[in-house]
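Here the structure comes first, spelled out in structure tokens, and everything after it is commentary.
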Amino acid sequence: MNLKESVRSIHGWPIEGVIFRDLTTLMLDPDAFKESCDILYERYKDRDLDKIVAIDARGFVFGAVLAYKMGLGLIPVRKKGKLPGETIEESYDLEYGSGTLEIHKDAISKGEKVVIVDDLIATGGTVGATVRLVEKLGADIIECAFLIELPDLKGREKIKSCEVFAIMAFEGD
């Protein structure tokens with residue numbers, strides 16, 4: 001199966017000049033969804049991990065499946081104001097805006113090994129903020145995993161301290 005064919009590309013959304021890579025079509029296709037989750041599981045099943053960190057919102061989908069299949073806890077990194085406990089926060093810039101992410105202060109113990117999961121890396125703003133949050137709590141980041149990478153936007157440069165894995169890449173159009 002060619003997973004890239006299951007991703008819908010929407011030109012000019014959410015703003016002109018952006019090509020939005022829509023993973024809802026991949027998630028709708030049971031074979032593509034299963035294959036994506038299986039690829040992540042196969043990559044990490046033999047790694048010594050303590051928790052999976054998943055980024056709001058589509059990272060929750062794939063991070064939750066991975067945590068479940070590996071028998072690990074799931075740590076949600078949420079947009080500001082969505083977590084009820086004591087949090088720390090980090091601001092970031094996106095391809096078309098900015099925001100703030102939060103994580104519970106008690107979500108990670110120093111020295112725990114984690115993988116950060118999100119659907120897509122573009123400019124690296126969201127994952128960069130997540131990396132800074134996780135590092136503040138003292139975790140060892142084994143890798144940052146994505147379904148899609150947009151290499152033209154150079155997101156890897158914002159997270160040079162971490163290994164990056166992406167199932168597929170979309171360059172240019």
Would you kindly calculate the translational diffusion coefficient of the range 44-173, applying Stokes-Einstein with the Kirkwood radius from alpha carbon pairs, for 37 °C and a viscosity of 0.692 mPa s, and quote it in µm² s⁻¹ without decimals?
226 µm²/s
Kindly provide the pair-distance distribution of the range 87-128 built from C-alpha pairs, with 5 Å bins from 0 and whole-percent values in order of increasing distance.
5, 18, 24, 27, 16, 8, 2
Taking r as the C-beta separation of residue 25 and residue 48 and R0 as 41 Å, the FRET efficiency to the nearest 0.05 is 0.75
Cross-link partners among lysines for residue 69, C-alpha distance below 18 Å, same-chain residues fewer than 8 apart left out?
34, 45, 51, 113
With a Förster distance of 22 angstrom and the Cβ-Cβ distance between residue 105 and residue 82, calculated FRET efficiency to the nearest 0.05 equals 0.90
List the trypsin sites (Lys or Arg not before Pro) in the range 89-172 that DSSP assigns to loop (not H, G, I, E or B) and whose Cβ has at most 14 other Cβ atoms within 10 Å. Which are they?
105, 110, 154, 160
Okay, helix-only estimate at 222 nm for the chain: each DSSP H run of n ≥ 4 adds -39500 (n - 2.57), divide by all residues, round to 500 deg cm²/dmol; what do you get?
-8000 deg cm²/dmol
Using alpha carbon centers only, the range 101-160 is separated from the range 1-20 by a whole-angstrom value of 23 Å
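All of the numbers you see were taken from the coordinates with simple rules; none came from a lab. Predicted model only: the values in this text are computed from it and were never measured. Here the Cβ is made from the backbone with ideal geometry for all residues, glycine too, and neighbour counts use every protein chain on show.
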